[in-house]
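Q: One structure, pasted below without further comment.
The values are calculated or read from the model by the stated rules, or taken from the named source; none is laboratory data. What you are looking at is a predicted structure, and each value in this text was computed from that prediction instead of being measured. When we count neighbours, we look across all protein chains shown, and the Cβ atoms used for this are built from the backbone with ideal geometry, even at glycine. Surface accessibility is based on the protein's heavy atoms, side chains included, excluding ligands, DNA and RNA. Shrake-Rupley method; radii C 1.70, N 1.55, O 1.52, S 1.80 Å.
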Protein chains: 2
Amino acid sequence: MTSELIPAEFRGNLGFLVAKAKQLLSDELDVALRDSGLQIRHFAVLSLIRRRAGLRQTDLCEVLGVDRTTMVKVVDDLEGAGLLRREPHAADRRAHALQLTEAGEQWHSRTLVPVMDHEQQFLAPLSPGERALLQEMLTRLVDSALVRSADQKLARHP
Amino acid sequence: MTSELIPAEFRGNLGFLVAKAKQLLSDELDVALRDSGLQIRHFAVLSLIRRRAGLRQTDLCEVLGVDRTTMVKVVDDLEGAGLLRREPHAADRRAHALQLTEAGEQWHSRTLVPVMDHEQQFLAPLSPGERALLQEMLTRLVDSALVRSADQKLARHP
DNA sequence: CCATATGATCAGTTTTGCTGATCATATGGC
DNA sequence: GCCATATGATCAGCAAAACTGATCATATGG
């Protein structure tokens, strides 16, 4: 038995399901981040830099699918909040090597807790095995779509 | 062996995977709709009305998670393009009963082909059984999150 | 060493979504 | 039946968001 909340014509439509899942997940996350004044992308940027200190802004743009001029603003915000620093990049003097500050590390750690909580709540209807399967399948789909997209880009710029 | 396109710290993050999948799917769809001058939401509205003639604009807003003032514009666009009509609603004279025109039916049928093609291409890395499983799991997650969200709304307005 | 490409930034514009108001009608208590 | 309140649709105007094109500094490959 299923509720009436998902229209029948969209139950079989992956695009709708994925878009709706994204909407629900990011609305929840937005609420969790509200009082910090930051957005999901700010959190994502900190997550990336935390694991790979020294990333350039362009690297973040590529991974997150964000425009470079938009990323300037995002990094401005984070630097203004004292959560990261733009440091000189060892290998390229045009670029910045982004580094978390101590406050950035702490904020990220602290914020990770409710973020993971929300994700777990969302995943509650699945068994642990199903969760692993879902993750694996999504990874496979996204990875393969990214490869295809990169190939197309290469084909246009030979 | 996996490519480097998904950062390791995000492979286990459902939010990132879902957001990325949505980004990839809707970018493809945008391209497919480009020459029509319409967007994904226009297509979604036509899909809904086609199955359930007589829906009101508010009904569409709820299902699609779109603001009511935004929906006015979307329906304006579709009516202007001759794809649907606002007809008087039998049970509520404030509301419009939305109906596809003949042109709307045709455009939807024609557009459905590339839309489904893109979805199939995206799903290519999964076996038929896996696709069914993915769809079922996503439906379960979205449905349950919608129920939770509706409960919270009820709790605020007792 | 020069031509071209790339990283970052900024000003200015376009696009988008939303707020709050308005009008018409509906609904529920009395 | 009547009024208070809620709801559907619309609009004008505002505010945030994203993009365009330019600029400057530096890198890279021939």
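Q: Tell me yes or no: at least one residue of region A:87-108 is in contact (Cβ under 8 Å) with a residue 60 or more places away in the chain and out of contact with any His (no Cβ under 9 Å at 6 or more places or on another chain).
A: yes
Q: Say whether the condition of being closer than 25 Å to B:Leu29 by Cβ and in a helix (DSSP H, G or I) is met by at least one residue in region A:30-39.
A: For region A:30-39, residues closer than 25 Å to B:Leu29 by Cβ and in a helix (DSSP H, G or I): present.
Q: Another question, then. Tell me which of these B:Glu9 doesn't satisfy, since it passes every other one: (1) touching a residue at least 24 places away in the same chain (Cβ under 8 Å); (2) closer than 30 Å to A:Leu46 by Cβ; (3) loosely packed, with under 15 Cβ neighbours inside 10 Å.
A: (1)
Q: When you scan region A:47-58, how many residues do you find that are open to solvent by less than 50 Å² (accessible area, probe 1.4 Å) and either on the phi > 0 side of the Ramachandran plot or not in a helix (DSSP H, G or I) (or both)?
A: The number of residues fulfilling the criteria is 2.
Q: Would you pick out the residues in region B:48-58 that are more than 9 Å from DNA strand D (Cβ to nearest atom) and away from chain A (no Cβ under 13 Å)?
A: B:Gly54
Q: Something else now. Take the conditions open to solvent by 30 Å² or more (accessible area, probe 1.4 Å), outside any loop (DSSP other than H, G, I, E, B) and facing chain B (nearest Cβ under 8 Å) and apply them to A:Ala44. Does it pass?
A: no
Q: Considering only region B:126-137, I want to know if a residue exists there that is open to solvent by 50 Å² or more (accessible area, probe 1.4 Å) and away from chain A (no Cβ under 12 Å).
A: Yes, region B:126-137 contains at least one residue that is open to solvent by 50 Å² or more (accessible area, probe 1.4 Å) and away from chain A (no Cβ under 12 Å).
Q: Look at B:Val147 and say whether it is closer than 17 Å to A:Lys20 by Cβ and open to solvent by less than 30 Å² (accessible area, probe 1.4 Å).
A: No: the conditions fail for B:Val147.
Q: Another question, then. Can you tell me which residue within region B:59-105, out of those that are part of a helix (DSSP H, G or I) and open to solvent by less than 20 Å² (accessible area, probe 1.4 Å), is farthest from DNA strand D (Cβ to nearest atom)?
A: The extreme case among them is B:Gly104.
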